[in-house]
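Bear in mind that the values in this text are calculations on the coordinates, not laboratory data. All values reported here derive from a predicted model rather than from experimental measurement. Neighbour counts run over all protein chains shown; Cβ positions are idealised from the backbone, glycine included.
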Amino acid sequence: MCGIIGYCGSRSATRLLLSGLKRLEYRGYDSAGIGVVHENALQLYKKAGKIETLQSIVPDELEGNWGIGHNRWATHGEVNDINAHPHTDCTGKIAICHNGIIENCESLRNRLEIEGHRFSSQTDSEVIAHLVESFYEGNLEFALKATVSLLEGTYGILAISVDNPRQIVGARNGSPMIIAIADNEKFIASDVSAVLAHAKQVIYLEDGEVASINPDNYEISDVRNRSIDKKIEIISLELKEMEKGNYSHYMLKEIHEQTDSISRALKGRIDEKQATALLVGLNMSETELLAVKRITITAAGTSFYAARVVAYLLEKIARIPTTTELSSELRYRNPVVERGTLYIAVSQSGETIDTLMAVQELQRKGAPVLSVSNVVGSSIARESHGGIYIHSGPEIAVASTKAFTNQLAAMYMFALKMARMRHMAWSEGKKFIKNLSNLSDKIGEILKNADKIEQLARKYSGAKNFLFLGRGINFPVALEGALKLKEVAYIHAEGYSAAEIKHGPIALINSRTPSIFLVSDDHLYSKVLTSMKEVKVRNGPVIAISTERNEQISRIADDVFQIPKAEEDFYPFLMVIPLQLFAYYCALELGCDVDQPRNLAKSVTVE
Ligand code: F6R
């Protein structure tokens, strides 16, 4: 979603802002802009489209060593040059960039127009520029604080004024923001990836904080002008982890990385001797964990499907009643929070607004909330009582792949710990650990056959509709497979429990609607086979992802893709890999923008 960056120092701001915006583009955007100040003049360049389009209108040697930049993901107002950020006040001396949504923008705009302010865009964000103008009497920080006291909604705002040389002021509420510190220069951005090439020391701002930076200094305070002391943290992320390497797309790279990323999730967290998991980040004692009577896992999108897989597992091996709920629903539902219920929020980015708001609502009700997140220092990770980092490494492609398997790995370890504290015997724990440790090799086996999935994609990518069908613990994986295909190849796909097709979706079956069946050799094997037959006799093309190419399956399915055998609870890790590859290769066949699919954002920080 929107990305934001500000720079003040002695180097060319233009170059740094543009390269920072390029690093932020993985979040998803539709237009971009920069505002750079030189000799008391604000030079503004904004363009709908990709950063390259913006770059083409920015003069090569644009002078100035402080300014702000923004990638916009449209919410209020169509995608065009005028609606792109930065936005300016009536004098053209003040410029702002904004991430988030201002919910009371209509009333603020009416009031400002009555006061004589002239608006040029359709955005909610422009009210911020005019509000700052209305409060500005030489002190930009004061003007921004007065402004945010009137705003309802979410924001990460950067503001500059040509009359306050080399100063950038930022404010945060619900939209991430960091300050990056280097010698004689400072950055302020929505995401560390924008500054990683230049600085390793960062400060994470919290909601309600306002920062003022200049090349030599920074100050953080709240809206009541109380100064706040913040810890400087060191980013351990390396720039090369964010590069595409020899892969043609980040998505393909991230799919292939899963052999390594899954091992990273397990590293240092397995207690072989006691046959359990070591998860110190949970911040919960054994006694507290033993007192857990129920678990609710909340998340969105792919993270939600990972949660649904784990709900099956927790109930099965730890015998803890576990439910899952979309964070967007939970946050507005006034949930009943009972003593003994543990909540887990799952979010790759750690910034998804619905999940963050659900965490805050649950905490207001006194619930303990753990997080399962990828991004160290992200809002959800910081605001929860404890949690598990999934360590999948940066996920740049918009479509989530390696985060899904690492979310599973992290939560499988949690389930192991909970199970070992209850009914699971030591020997069972040992077996569970062995199965987890074997996953990397099995995923590697599947990836060696990626070309077979490519052939299937060639054969089937012309279809307009797909069904993804699985049962039991593989049912959420079918949902994830359908989501991947929709996201990156723009093909309509539905995920269903294979048993459910008779209750409606079977009406869709014809020779042009392929069904992808997840057939594992578990207790539901024969049931899935029956559903496959029901599709086949109605002329539906059948693709089976199966653990063996036995005669029974081959007789029914038009195509079979074989995955290694595993214990039944571990199939979700394996079943999902061919589905990720299938979505990728279909997207490639259809000429889609694989890494940045239309309309999508990596980190959904607005409602
Ligand atoms: C799917 C995808 C989205 C995210 C969802 C939640 O490929 O990327 O569905 O899973 O937006 O994002 P996080 O996990 O960052 O909370």
(request) Please report, largest first and rounded to whole Å, the three semi-axes of the ellipsoid equivalent to the range 430-581, where each semi-axis is the square root of five times an eigenvalue of the C-alpha gyration tensor. (result) 24, 17, 14
(message) I need the calculated FRET efficiency for the pair I234 and Q455, taking r as the beta carbon distance and R₀ as 56 Å, to the nearest 0.05.
(response) 0.75
(request) Could you pull out the pairs from K253/K293; K22/K186; K430/K452; K452/K565 whose alpha carbons sit more than 30 Å apart here? (result) K253/K293; K430/K452
(request) Order by neighbour count: D441, D89, D163, fewest other Cβ atoms within 10 Å first, most last. (result) D441, D163, D89
(message) Normalised by the empirical 2.2 N^0.38 Å for globular proteins, what value does the Cα Rg of the range 560-607 take?
(response) 1.57
(message) Given axes a ≥ b ≥ c from the Cα gyration tensor, I'd like to know whether the range 1-124 is rounded (a/c under 1.5), prolate (a/b larger than b/c) or oblate.
(response) oblate
(request) Compute the distance in nm between two label points, each set 7 Å from the Cα along the Cα-to-Cβ direction, one at E103 and one at K527. (result) 4.2 nm
(request) Mind pulling the angle between the C-alpha long axis of helix 105-114 and the longest principal axis of the chain? Nearest 10 degrees, somewhere in 0 to 90. (result) 20 degrees
(request) Order by neighbour count: V336, V528, V58, fewest other Cβ atoms within 10 Å first, most last. (result) V336, V58, V528
(message) Using Cβ counts within 10 Å as a stand-in for footprinting exposure, how do I577, I57 rank, fewest first?
(response) I57, I577
(message) If R₀ is 25 angstrom, what is the calculated FRET efficiency for the pair E286 and H423, using the beta carbon separation as r and rounding to 0.05?
(response) 0.95
(request) Report the calculated FRET efficiency for E61 and D163 (r = Cβ-Cβ distance, R0 = 30 Å), to the nearest 0.05. (result) 0.75
(request) Pull out a ≥ b ≥ c, the square roots of the eigenvalues of the alpha-carbon gyration tensor of the range 51-148, then state rounded if a/c is under 1.5, prolate if not and a/b is larger than b/c, and oblate in the remaining case. (result) oblate
(message) Quick check: from the Cα gyration tensor, does the chain come out rounded (a/c under 1.5), prolate or oblate?
(response) prolate
(request) Compute the distance in nm between two label points, each set 7 Å from the Cα along the Cα-to-Cβ direction, one at K434 and one at K464. (result) 5.1 nm
